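The values are calculated or read from the model by the stated rules, or taken from the named source; none is laboratory data. Remember, predicted model here, so these are calculated numbers, not experimental data. A quick note on method: Cβ atoms are made from the backbone with ideal geometry, for glycine too, and the neighbour counts reach across all protein chains shown. Areas reflect the complete protein model, heavy atoms only, side chains present, ligands, DNA and RNA absent. Shrake-Rupley method; radii C 1.70, N 1.55, O 1.52, S 1.80 Å.
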Amino acid sequence: GKSLLTEHTLQNISDHDDNGLARVFPIGEQEERVNHPEQSGYFSGSCGVTYYGGGAFGKKYKNTVWIADVVLNLVHVDKIASKGASFEATRLTKQKEFLASRDRAFRPVNMSVGPEGAMYVVDIYRKVIEHPEWIPDEIEKTLDMKAGTNQGRIYRISPQNGTEKFDSKTFKKLEGQISALSNPNQWIRNTAHRLLMENPINSKTETELRKLLSSQNTFARLHALWILGYSGKLENDELLTALNDKIPEIRENVLKISEAYFSKNELLFLECLTLMHDKDQLVRMQAALSISTLEESAAIYQKNTQKIFDAILNAAKLPMDDWNIAAITIVAKSKSAEIFRLLLKQKSNNPKLLASLALNSNENAEKIEFILKSLSETNLNDKNKEEIIKQLNTNTEKLPGTKIAPIIEKMETNASIGLLKEFATLRNKMGLNNSPQFITYSKEAAKNVLNSSLTDSIRIQYLGLLEFLPYAQKSNILFECLKNNQPLKLQEGALRQLANYKEAEIGKKVVTIWKDLSPQTRRYASDLLLYIESNHDALLTGIENGSINIGEMNFDLERRRTLLWWTDNENTKRRAKKLFNDSGVTNRQEAINKMKPALSLKGDLSKGREVFLNTCSSCHIYGSIGKEVGPVLTEINRKSKSTILHEILDPNAAVDPKFVNHAVETKSGILHMGIIANESDKSLTIKKIGGEKININKSDIKSFRSLGTSLMMEGFENSLSNQQMADLLEFLQNGT
């Protein structure tokens, strides 16, 4: 098997992600999200992924994929289009779904396209859809987990002008089966295809299918090619003609069909080889994959090795994505190192392809030597060389390095820090001593990491060299890197190195400087404290004594359970239980209980708008009103009223680090308080209540620390009656 830079074939093809999540638009009062309230309005229980090949809904629905979300009671539709060797998915409708229900028990789980082109949707109709394991025990006791188990529905979705009646008698005669292969409905075509293949192809069927090879209907040509090809009935000239079809998807399919004919048909093999530089990227990928099905020992491969090499070199000059790179690497087989060398001699070469070929040449010292020798004879830049050596380093074997040492030494002269670091790893694997250059840089690293006169990128490279030092020799430097006047990437890199160690002092030190960390760095620091068991004591102590506000830890269900359930330390569990329980973090239960009647009162939307204007609009935008300081509330209606109530009354139970209040004191003695709207390595922008923005150079800052709490004050409810809160909730859920 080949090792590929692309580790798996899962790819996110959406062009409409929202911070890495797929946004959807449920309707109606949303049900309580018992584990991740912050995920309301994002895909949560997607299922029933179905390609619509029904042909009855017109051009708009051609090439669409339908996805149900069983949690959010909707069906989402994406339009699929080609992009490189892969695809791209675009929303069919903006900010609304194809189908959405206000009935919280509507649970679409699967779909199927019918023979008349309608879409059938299976609704299992369950009141509670969450798995019991992910429902906090306290909440599970209040739910009827079995409600709806004896119910269910199937919906049939068809166009307004109806669908054509489908007559199954069509399939009884050969003529009907042949004509069905041109039908726009995929179900009808596939059924006809299956029926034609269930019996051996007789001469009459063969003649009829042959006629379809010159049909103007693309589907007819496609099915005829597959049926005849699978039955071994395609003639050479028919295959060659089809390989030059004007439709790229036909060429792609014919390549797959041709694989079975290679060993007997050299002319066909050579024609497939030319498709490795077809004008279509997907066809190029398939050509490489089809050629790769030939064993290197096959006579046809042996005879045409040079032509295969030439085809690869030509393909490498054309635009390629990760899939083309993977396919070329697969077709290179055991000749990856030779092709690597030939590519280096070409004027234009793709660095990622070179790295992929290097990855496939790292199985023994001879191959690694060959790659290094090829590399030493080129003027490829150090960044690309670094990526290539990194791939050679993924070989887990200890390799004999005697022959390789002089080649490495030559390449290390004047090498960048990053490249030297990769060579140090390679030397280590080969039992070679570190190079003098590396030792020199390593000695300088300790002071250069903190040398602010150097560029940030150089400082980060020096930080990388510290990875080779034991913890005791570098801990002070790493913690110095965490100061909020240091470049953000340096802070992040230092935390990543600290995460490799289990020293108990790490957690304690991080908690001590918690309030001084930059907001972005605090995000990584919270993971360091939570996911490394040796830091749990420091984390819990920090929360208990108020050094860390519990809301800053983003204690969603899994993060809570890390301390409540998934540790073997009984003391950790006991302490965590005092801070929160399985159903959540609540600092102000009394205030929530007092205001709970608002949830059952009928709210007045226009009065709620007034409440928003008077009490919320100085910090929040809703629709066209308000000022943006805290989170924009325009889409808060995707959350349940009880979740919104909890967020209003207990703003510090879960605070997005973006909205934590900070105090910044300048050297001239002015104190500014607000949220950090933007932070670069050179300056801060602080946003105050009311929307005022102030930009401050970091060189002018005397102190900069988190206050650990949301900018939104607790006690908001004291200025509102239950009815006013009901009005506000009504506005936030249904205002425009």
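Worth a mention:
- Exactly one residue among Ala81, Ala105 is farther than 30 Å from Glu249 by Cβ and of a type outside the set (Phe, Trp, Tyr), and that residue is Ala105.
- Of all the residues in the range 192-234, those that are among the β-branched types (Val, Ile, Thr) and open to solvent by less than 40 Å² (accessible area, probe 1.4 Å) number 3.
- Considering residues of the range 85-102 that are assigned to a loop (DSSP other than H, G, I, E, B) and touching a residue at least 40 places away in the same chain (Cβ under 8 Å) only, the residue most open to solvent (accessible area, probe 1.4 Å): Arg102
- Whichever residue in the range 252-307 is open to solvent by less than 40 Å² (accessible area, probe 1.4 Å), over 37 Å from the mean Cα position of the chain (by Cα) and not aromatic (Phe, Trp, Tyr) and, among such residues, is nearest to Ala332 (Cα to Cα): Thr305
- Selection over the range 691-711 of residues that are of a type in the set (A, V, I, L, M, F, W, C), out of contact with any Asp or Glu (no Cβ under 8 Å at 6 or more places or on another chain) and modelled with pLDDT of 75 or more gives a count of 3.
- Just one of the numbered conditions (1) among the aromatic types (Phe, Trp, Tyr); (2) touching a Lys or Arg at 6+ places or on another chain (Cβ under 7 Å); (3) assigned to a helix (DSSP H, G or I) is not true of Phe171: (2).
One line per residue, one yes/no per condition, for (1) in a helix (DSSP H, G or I); (2) modelled with pLDDT of 85 or more; (3) of a type outside the set (Asp, Glu); (4) open to solvent by less than 20 Å² (accessible area, probe 1.4 Å):
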| position | (1), (2), (3), (4) |
| --- | --- |
| Thr685 | no, yes, yes, no |
| Ile689 | no, no, yes, no |
| Glu714 | no, no, no, no |
| Gln724 | yes, yes, yes, no |
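- Restricting attention to the range 511-525, the residues that are open to solvent by less than 10 Å² (accessible area, probe 1.4 Å) and closer than 21 Å to Trp566 by Cβ total 1.
- Test for Glu444: is it of a type in the set (D, E, K, R) and either under 23 Å from Lys410 (Cβ atoms) or over 32 Å from the mean Cα position of the chain (by Cα) (or both): yes
- Identity of the residue in the range 691-712, surrounded by fewer than 17 Cβ atoms within 10 Å (Cβ to Cβ) and among the small types (Gly, Ala, Ser), that ends up farthest from Ile644 (Cα to Cα): Ser699
- Residues within the range 319-338 that are in contact with a helix residue (DSSP H, G or I) (Cβ under 7 Å, 6 or more places away or on another chain) and either open to solvent by 60 Å² or more (accessible area, probe 1.4 Å) or under 20 Å from Phe269 (Cα atoms) (or both), tallied: 8
- With respect to the conditions (1) under 19 Å from Leu707 (Cβ atoms); (2) open to solvent by less than 60 Å² (accessible area, probe 1.4 Å); (3) assigned to a helix (DSSP H, G or I), Ile676 falls short on a single one, namely (3).
- Selection within the range 72-84 - crowded, with 17+ Cβ neighbours inside 10 Å and touching a residue at least 60 places away in the same chain (Cβ under 8 Å): Asp78, Gly84
- Unique match (being buried (at least 16 other Cβ atoms within 10 Å of the Cβ), touching a residue at least 60 places away in the same chain (Cβ under 8 Å), touching a helix residue (DSSP H, G or I) at 6+ places or on another chain (Cβ under 9 Å) and of a type in the set (A, V, I, L, M)) among Ile543, Ile548: Ile548
- Only a single item in (1) open to solvent by less than 20 Å² (accessible area, probe 1.4 Å); (2) out of contact with any Leu (no Cβ under 7 Å at 6 or more places or on another chain); (3) modelled with pLDDT of 95 or more; (4) not polar (S, T, N, Q) is not met by Val65, and it is number (1).
- Filtered residue count, the range 397-419, keeping only those that are open to solvent by less than 80 Å² (accessible area, probe 1.4 Å), free of Cβ contacts under 8 Å to residues at least 40 places away in the same chain, farther than 16 Å from Glu366 by Cα and in a helix (DSSP H, G or I): 3
- Listed by first and then second residue, the pairs with beta-carbon distance under 6 Å, at least 6 apart or on different chains, first residue in the range 12-33 and touching a residue at least 40 places away in the same chain (Cβ under 8 Å), second open to solvent by 50 Å² or more (accessible area, probe 1.4 Å) and among the β-branched types (Val, Ile, Thr), are Asp15/Thr90.
- Checklist (1) at positive phi; (2) within 31 Å of the chain's Cα centre (by Cα) applied to Glu492, failing item: (1)
- Look at the range 302-330: where a residue is within 12 Å of Ser356 (Cα to Cα) and among the acidic types (Asp, Glu) and a partner is open to solvent by 60 Å² or more (accessible area, probe 1.4 Å) and in a helix (DSSP H, G or I), sitting 6+ places away or on another chain with Cβ atoms under 8 Å, you get Asp322/Lys352.
- Only one entry in Lys607, Lys639, Lys602 is basic (Lys, Arg), under 17 Å from Asn734 (Cβ atoms) and open to solvent by less than 40 Å² (accessible area, probe 1.4 Å), namely Lys639.
- Scope the range 39-67; condition within 19 Å of Gln186 (Cβ to Cβ) and among the hydrophobic types (A, V, I, L, M, F, W, C); matching residues: Val49, Ala56, Phe57, Val65, Trp66, Ile67
- Residue within the range 27-44 that is at pLDDT 90 or above and not acidic (Asp, Glu) present: no
- Lone unmet requirement of (1) in a loop (DSSP other than H, G, I, E, B); (2) open to solvent by 40 Å² or more (accessible area, probe 1.4 Å); (3) under 30 Å from Pro26 (Cα atoms); (4) of a type in the set (S, T, N, Q) for Asn652: (2)
- Considered as a group, the residues in the range 140-160 that are of a type in the set (Val, Ile, Thr) and under 34 Å from the mean Cα position of the chain (by Cα) include one that is least open to solvent (accessible area, probe 1.4 Å), and that residue is Ile157.
- In the range 556-563 there is at least one residue that is at pLDDT 90 or above and surrounded by 19 or more Cβ atoms within 10 Å (Cβ to Cβ).
- Odd one out for Lys658, checked against (1) open to solvent by 60 Å² or more (accessible area, probe 1.4 Å); (2) touching a residue at least 60 places away in the same chain (Cβ under 8 Å); (3) part of a loop (DSSP other than H, G, I, E, B): (3)
- Of the helices (runs of 4 or more DSSP H) entirely within the range 430-497, those holding at least 3 residues that are polar (S, T, N, Q) occupy 436-448, 471-481.
- With respect to the conditions (1) open to solvent by less than 20 Å² (accessible area, probe 1.4 Å); (2) over 30 Å from Leu375 (Cβ atoms), Ile312 lacks only one, and its number is (2).
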